[in-house]
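What follows draws every value from the coordinates through simple rules; no lab data is involved. Remember, predicted model here, so these are calculated numbers, not experimental data. Cβ atoms come from the backbone with ideal geometry, glycine included; neighbour counts cover every protein chain shown.
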Amino acid sequence: MTINTIMVIGAGQMGSGIAQVCAMAGYNVFLHDLQEEFVQKGIQSIEKLLARAVDKGRMTEEDRDDTLRQLHPSTSIQNAAEADLIIEAVVENMDVKTGIFKMLDDIAPKHAILASNTSSLPITEIAAVTNRPEKVIGMHFMNPVPVMKLVEIIRGLQTSDSVYEVIEAVTTKLNKVPVEVNDFPGFISNRILMPMINEAIFALYEGVAEPEAIDEIMKLGMNHPMGPLTLADFIGLDTCLYIMETLQEGFGDDKYRPCPLLRKYVKAGWLGKKTGKGFYTYS
Ligand code: CAA
Ligand code: NAD
């Protein structure tokens, strides 16, 4: 099966990065969101990153122009009728995601593969609302997408081998490294990463140390590129909370209980870098 056109649903920090790397790899790309201003914000962030790549001599002006020509803004879900592969990257909420997958199943061509960039939600459950569960798969990119090499590929219970192979080939064409995992809450990446972040938040909550000290210890002591609280702000505190809730519900184990401080910040609208305030303040 040949993939020519990819539609990315959700033009936030992940969706815009996914659309960028797909367009850079030569795919025809629709970048879709609910409102024109959200799509334009995503496109502007891509333009900024491409301009930086040109300035740094990593990309020619011609390649930048080719990449931008491959990108098509979308606010009509009907564009899914043109797509061979759709990658969903909207908010980490099962009801919102299943609502979108039902619509896509009706609109997308019969051959189209439906992928989700979910951080933790069961692919099998998302697939079950469609009439093509064998063509539903998890394609979990890491943030920031243009920089990070990994794509965790999640096989739902019914994902077919041929669909897995197509997604593995697309991932390689995006210049990323696919790693295969089975469908369990949080997969591998967030089952391991998010409890560490949650524990860092508990340490802050219990007054063990200041945010800067917690981050410095993990950066200098463990050679992590970012401390856990900086990383939580970078990921989005809403996304971190949803992932912990999925782990707690999925495994039924209190060791995944989200820290009350994380809940409090999300309730206050302190979602991290994207809202200008989280464990740190951003201008
Ligand atoms: N988008 C695109 N490119 C970015 C970027 C962003 N948000 N932030 C940095 N970069 C690029 C920079 O442009 C720079 O490239 P050039 O030098 O060629 O311009 C390069 O990355 C390095 O950036 P900096 O020198 O400014 O900073 P750095 O060396 O500290 O690297 C970083 C930045 C790559 C983000 C690094 O701090 C890092 O690896 N942090 C950890 C990221 C991580 O753990 N991601 C996974 C999160 S979990 C996840 O994604 C899964 C989930 O479901 C929640
Ligand atoms: P974000 O808040 O930056 O962007 C989400 C976008 O989805 C917004 O632009 C919003 O308008 C749009 N959206 C919401 N409902 C929609 C709908 N019904 N139709 C079309 N668009 C809709 O979020 P994000 O950080 O990009 O996360 C998106 C997904 O990627 C989540 O499932 C998250 O768990 C996952 N993810 C996030 C990270 C991360 O570090 N932030 C990493 C890997 C995976």
Task: Efficiency of FRET from Cβ geometry, D63 and V177, R₀ 22 Å, rounded to 0.05 - done: 0.50
Task: Of K56/K176; K135/K173; K102/K149; K97/K274, those spanning more than 23 Å from alpha-carbon to alpha-carbon - done: K102/K149
Task: Whole-Å distance, taken between Cα centres, linking region 60-117 and region 207-276 - done: 29 Å
Open item on the list: If packing is taken as the average number of other Cβ atoms within 10 Å across a peptide's residues, how do 83-94, 158-169, 235-246 rank, most packed first?
Closed with: 235-246, 83-94, 158-169
Task: DSSP beta bridge pairing in the chain, given as percent antiparallel to the nearest 5 - done: 20 percent
Task: Rg ratio (alpha-carbon, reference 2.2 N^0.38 Å) - region 3-45 - done: 1.03
Task: Packing-based order for 265-276, 2-13, 249-260, using average beta carbon neighbours within 10 Å, highest first - done: 2-13, 265-276, 249-260
- [ ] Above 19 angstrom, tally the Cα pairs of region 77-176 and express them as a % of all pairs, no decimals.
- [x] 37 percent
Task: Rough spin-label spacing in nm, given labels placed 7 Å along Cα→Cβ, for H224 and D161 - done: 4.0 nm
Open item on the list: Over the Cα atoms, compute the radius of gyration (one decimal) and Dmax (the largest Cα-Cα distance, rounded to a whole number) for the chain, in Å.
Closed with: 18.8, 55
TODO: Return the distance in nm (one decimal) between the two label points of a simple spin-label model at K264 and Q40, each offset 7 Å from Cα along Cα→Cβ.
DONE: 3.9 nm
Open item on the list: Principal axis extents for region 154-283, Cα atoms only, whole Å, descending order, please.
Closed with: 51, 34, 29
Task: Nitroxide proxy distance, nm - points 7 Å out along Cα→Cβ at T2 and V208 - done: 5.6 nm
